[in-house]
Amino acid sequence: MKTNKLICKKTKDKINKIKEVITIKTEINGLNINYIEKGVGENVLIIPGWGTNYNVYKNMIENISTYAKVFYFDMPGFGESEEPKEAMSVDDFVDLVKEFIKQNNIDNVTLIGHSNGGRIIIKMISEGKLDFKVRRAILIGSAGIVHKKTAKQKMKLSIVKLGKKVLSFSIIKKIFPNALENLKKKMGSVDYRNATPVMRNTLVKLVNEDLKDCLPKVNVPTLLLWGENDTETPLADAKIMEKAIPDAGLVTFKNCSHYVFLERPAQINNIINNFITGGNNK
C-alpha cells in the first residue's frame, strides 16, 4: 500500500509539471470544447479520464500521430473545455463523443479510453447502431464496474442521508446554509471534494451506473492495459472485463497505478502501436 501511494504521488507530480495547453475550439451539443487533431493515416480517438486534460495524454498523442491520425478533446468541465450547465450522465457523454465523431467525419476508428473514457467507450459500443465503424478498442484502467459498498462506504452514505434529513429543515438551512454541501464534500472522494456542484452531481451519475451487462456486447477486438497497483479501478475489474468481452486481451504492469501510461510510456506506446498497426509501421 505504501508503494502504491508513492507511485501515485510521483505520477501526480509528473502531471502537475506539465504546463502546455492547446486552444483549438469547437462547439458540441452547446458546449465549447477544446480539441486537437494531429498526424495522418488511420483514425484514432483518445477519450480522457475524469479530471484529466490534453497535457496528461500529450506523450501518447505525439507517439500515435507519427503513424496515425489522432483526435483528442477535453471532456466538459476539464482542461480548456466548458463546464456543462447541468449534470451529465454516461449517455450524455456518449452523445457528446458521437457528435464529435460526426462533426469531424471520423470513420473506421480505434477508440482509446482511460478510466471514465473507457466507461464511455464500453457504453457506446454496446449500444450498437453507430453511424461509424469502430475497428478496435483500447481500455486503460477503465471504469464501468460497480462493486458492493464496503462497511465504511455504507456508514458514510448513512451519515449523508441522515444529514440531508436534519439539515433540510428551513431553520437549520437559514443558520447553516452550506452545512449539507460541506458534509457531502467531507464524506466524498478526493475527486468529489475537488469538483464544482455540477461536476459532483455528474460524478455521482457516472460511478453509480454498472456496465457489467454491456461488456458482452463490446464486439470489437479490445486491448486492456492495467497497473497492478491501481486503486481507482482495481485489477479485479480488468479481469471481469477480460472474461466478459468476447475478444479481449489483458496486459498488466507491476508497480504501476491508475496512470500506468505515464509510468510506463515507452512500453504502453509500443503495445498500442503494435495493436493498431500490427507492427507494420516500424
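Tabulated data
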| quantity | calculated |
| --- | --- |
| Residue in the stretch 65-78 that is of a type outside the set (A, V, I, L, M), touching a helix residue (DSSP H, G or I) at 6+ places or on another chain (Cβ under 9 Å), closer than 23 Å to I271 by Cβ and surrounded by 24 or more Cβ atoms within 10 Å (Cβ to Cβ) present | yes |
| Selection within the stretch 80-114 - acidic (D, E) and in contact with an Asp or Glu (Cβ under 8 Å, 6 or more places away or on another chain) | E80 |
| Filtered residues of the stretch 66-89 (kept if in contact (Cβ under 8 Å) with a residue 60 or more places away in the chain and of a type in the set (A, V, I, L, M, F, W, C)) | A68, A87, M88 |
| The one condition in (1) among the polar types (S, T, N, Q); (2) surrounded by fewer than 20 Cβ atoms within 10 Å (Cβ to Cβ); (3) in contact (Cβ under 8 Å) with a residue 60 or more places away in the chain; (4) within 20 Å of L223 (Cα to Cα) that T110 fails to fulfil | (2) |
| Per-region count, the stretch 61-86, residues in a loop (DSSP other than H, G, I, E, B), hydrophobic (A, V, I, L, M, F, W, C) and within 16 Å of the chain's Cα centre (by Cα) | 2 |
| Yes/no for N108 being closer than 18 Å to N34 by Cβ and either among the polar types (S, T, N, Q) or at pLDDT 95 or above (or both) | no |
| Test: D107 is touching a Phe, Trp or Tyr at 6+ places or on another chain (Cβ under 9 Å), in the same structural domain as L262 (by TED's automatic domain parsing) and outside any helix (DSSP H, G or I) | yes |
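The values are calculated or read from the model by the stated rules, or taken from the named source; none is laboratory data. This is a predicted model, so every value here is computed, not measured. Using ideal geometry, Cβ is built from the backbone for each residue, glycine included, and neighbour counts are taken over all protein chains shown.
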